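What follows is a single structure, written as structure tokens, with notes after it.
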Amino acid sequence: MSGKLTGKVVLITGSSPNIGGGIAEGMADEGAAIVCVDVMPENAYQCAEYLKGRGADALGVVCDVTDETQVKSTLEQAQQKFGFVDVLVNNAVMFKQKGVLDMTLEEWERQTGIILSGSFLFTKYVASALIDQKRRGSIINIISTAGHQGQPGNVGYCTGKSGLLNFTRSVAMELAEYGIRVNSLTPTATALEEGFDRAAKWGRPKVDSVKFESVMDGFRKSIPMQQLPRPADYAKTAVFLASEDAAMLTGTDIKVDAGALARYWAWDPAVA
Ligand SMILES: NC(=O)c1ccc[n+]([C@@H]2O[C@H](COP(=O)([O-])OP(=O)(O)OC[C@H]3O[C@@H](n4cnc5c(N)ncnc54)[C@H](O)[C@@H]3O)[C@@H](O)[C@H]2O)c1
């Protein structure tokens, strides 16, 4: 396939059928080879198989992003197959909605570890390899609107994601001299249908999104654009950030949030 990312090799962590799988698909459709990395074997392998079925080059690797030995081995497997990795998408996450009063230390360490230590390890080894190989690169960290705001009862997630936002800036400054750009992409509450459809295309039973309609309806009514972004919307921005079109962007965050974070706090579009 040829496109904006032809010749590039993308490693994405957390390649579920939802956002990671959607970004992987969007980047593959623009010509990139994709390394699908997930702790759940089916999410690594089914993502890679599906992309191959669409004509892309892909490799599935099972890896816990918090395990340094596994991270190094994952990068080695990617290099053996493709020679290099020049785009990294740190996307893996564990959702656990708990507050400071009810979250255990173990849960806090696991959740912030996946978000922060996982991104640290992949960034460290991918950037080191790029510097050794004298290649330029692009690193994209996936945040959340909850990383910009104080959501109650979601302390590990909010803290991890806001940490990842400033990790992005710090690493962007450190790696600028090597031609490695580091940016982030902020998604928000995401329409479910596309992820459920993708899971079905990967051979899984189709989930009926109607079951979640009342929750999603609440999000939809409160968001300024009155419709929720889909994984494919994030994929377009990830393609841009990885491509030469974004050659002068580093240390920045792009919000693909249908206006969520720009909203004046006292204005409720559901009431307007
Ligand atoms: N879904 C949303 O509405 C939403 C909103 C804002 C931001 N986001 C962000 O988008 C990204 C993707 O979200 P999603 O909804 O697709 O999540 P998801 O749960 O569908 O996918 C997360 C993936 O990460 C993998 N993972 C978890 N722990 C791992 C580990 N230790 N090592 C390797 N892989 C691991 C999981 O197995 C899973 O495949 C996340 O960074 C999330 O914070 C999502």
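Miscellaneous remarks
- Nearest-20 debye value, segment 9-261 charge dipole, Cβ charges on Lys, Arg, Asp, Glu: 220 debye
- Normalised by the number of residues in segment 9-261, the average gap of Cα pairs under 8 Å and 6 or more apart makes the relative contact order 21 percent.
- Mean residue ellipticity at 222 nm, helices only, the chain: -13000 deg cm²/dmol; runs of at least 4 DSSP H residues each add -39,500 (n - 2.57), and the sum is divided by the number of residues.
- Sorted by Cβ density within 10 Å, fewest first, the residues Ser209, Ser170, Ser117, Ser138: Ser170, Ser209, Ser117, Ser138
- Candidates Ser243, Leu116, Gln46 compared by Cα position along the dipole of the chain: farthest toward the positive end lies Ser243, with charges placed on Cβ.
- The alpha carbon radius of gyration of segment 9-261, expressed as a multiple of 2.2 N^0.38 Å, is 0.96.
- Taking Glu25, Glu213 and counting other C-beta atoms within 10 Å, the order from fewest to most: Glu213, Glu25
- In summary, the helical segments of the chain meeting the span-like criteria, namely a full DSSP H run, a Cα extent along the axis of 27 angstrom or more and a mean Kyte-Doolittle hydropathy of at least -1.0, are 155-175.
- For segment 79-156 versus segment 1-69, the spacing of their alpha-carbon centroids is 16 Å.
- Ranking of Ile34, Ile131 by count of other Cβ atoms within 10 Å, fewest first: Ile131, Ile34
- Unit charges at the beta carbon, dipole of segment 1-108: most positive-side option, Leu5, Gln70, Leu101: Leu5
- 5 angstrom amide H check on Ala58, placed H, neighbours 5+ away: Ile34
- Magnitude of the charge dipole, segment 44-99, Cβ model with Lys/Arg +1 and Asp/Glu -1, debye to 20: 240 debye
All of the numbers you see were taken from the coordinates with simple rules; none came from a lab. All values reported here derive from a predicted model rather than from experimental measurement. Backbone-built Cβ (ideal geometry, glycine too); neighbour counts: all protein chains shown.
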